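Encoded as structure tokens, the structure appears first; notes follow it.
The values are calculated or read from the model by the stated rules, or taken from the named source; none is laboratory data. Please read all numbers here as calculations on a predicted model, not as lab measurements. Neighbour counts run over all protein chains shown; Cβ positions are idealised from the backbone, glycine included.
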Amino acid sequence: MGRFVLIDLLGAIGLLAVWYFFLNRYNRKKGATALRSVEAACHGKGRVTEARWLDSCRLQARLSFTSHLLDNARVTIRLFHRPMPIQWLVSLWRKQKETVTLEADLDYVPGFRLEIFRHRWVTHKEDHFRTGSREWNITRPGPIVLTTKTQWTQELTPVVNTLITSRGQDLLVVRFRPESPHLIAVVGLDALSDEQGAATFLGVVRDLAAGASTSRQ
């Protein structure tokens, strides 16, 4: 009996080892592909100077741009914990996303703290409202800004305007702060599925940096 238990145990260990090997390899391939898309989207105006894996699901790279609008830039690609089955399932259950985070310092230190979370609610159930007991008037408004600030300062306007007008990019989080890194932008990895998506992301980040710098001049 103990012999069969030992065989089952060795088989389970072997299966987990094979799982870890192939899923770790998959993560590394996916991370490298995303990083190449980011570098290609720079169109010669930026390049990866250093890249390393922090663990099996996080790839971090330093970027150097010809323009000093973004200094000390680094990008972190965060993937699912695929080599660890339980952690992977927990990530899926929590509906977490694979993300790309770009951190950089700006020419001008922001004189404000700003943290923006973007949410989007989408419904395709208009018939449900039309067939109800009352008549609904459905409108599609533009972007709505909800803020906790009691006073809206003028230096925030260029930054928020950039986010509102950049409909092609689904930034999840944007942070500005006086400490380094001054700018942090997070986007879903699925938005960088090709070079065009990566170029759009970098373009929005540059616009945000330019807006913050303009507000300080």
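Could you list, in sequence order, the residues of segment 152-211 that are modelled with pLDDT under 80, under 20 Å from Leu114 (Cα atoms) and among the polar types (S, T, N, Q)?
Thr153, Gln154, Thr157, Asn161, Thr162, Thr165, Ser166, Gln169
A quick yes/no check of all residues on (1) within 30 Å of Thr153 (Cα to Cα); (2) part of a strand (DSSP E or B); (3) of a type in the set (D, E, K, R):
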residue	(1), (2), (3)
Phe22	no, no, no
Val38	no, no, no
Gln60	no, yes, no
Leu63	no, yes, no
Leu89	no, no, no
Lys95	no, no, yes
Leu102	yes, yes, no
Tyr108	yes, no, no
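Go through the residues of segment 8-18 one by one and say whether even a single one is within 21 Å of the chain's Cα centre (by Cα) and either within 19 Å of Gly197 (Cβ to Cβ) or assigned to a helix (DSSP H, G or I) (or both).
No, segment 8-18 has no match at all.
Give the residues of segment 186-204 that are assigned to a helix (DSSP H, G or I), aliphatic (A, V, I, L, M) and crowded, with 23+ Cβ neighbours inside 10 Å, sorted by residue number.
Leu192, Ala198, Leu202
Within segment 89-124, restricting attention to residues that are closer than 21 Å to Lys29 by Cβ and either in contact (Cβ under 8 Å) with a residue 12 or more places away in the chain or touching a strand residue (DSSP E or B) at 6+ places or on another chain (Cβ under 8 Å) (or both), which residue is surrounded by the fewest Cβ atoms within 10 Å (Cβ to Cβ)?
Leu92
With the checklist (1) in a strand (DSSP E or B); (2) surrounded by fewer than 18 Cβ atoms within 10 Å (Cβ to Cβ); (3) in contact (Cβ under 8 Å) with a residue 24 or more places away in the chain in hand, flag the one item Glu50 doesn't pass.
Here Glu50 clears every test but (3).
Sort out which residues of segment 77-87 are surrounded by 17 or more Cβ atoms within 10 Å (Cβ to Cβ) and either farther than 20 Å from Cys42 by Cβ or of a type in the set (S, T, N, Q) (or both), and write them in order of number.
Arg78, Leu79, Phe80, His81, Arg82, Pro83, Met84
Looking only at segment 65-87, which residues are over 17 Å from Val204 (Cα atoms), modelled with pLDDT under 90 and either assigned to a strand (DSSP E or B) or hydrophobic (A, V, I, L, M, F, W, C) (or both)?
If the condition is that a residue be over 17 Å from Val204 (Cα atoms), modelled with pLDDT under 90 and either assigned to a strand (DSSP E or B) or hydrophobic (A, V, I, L, M, F, W, C) (or both), then Met84, Ile86 are the ones that fit.
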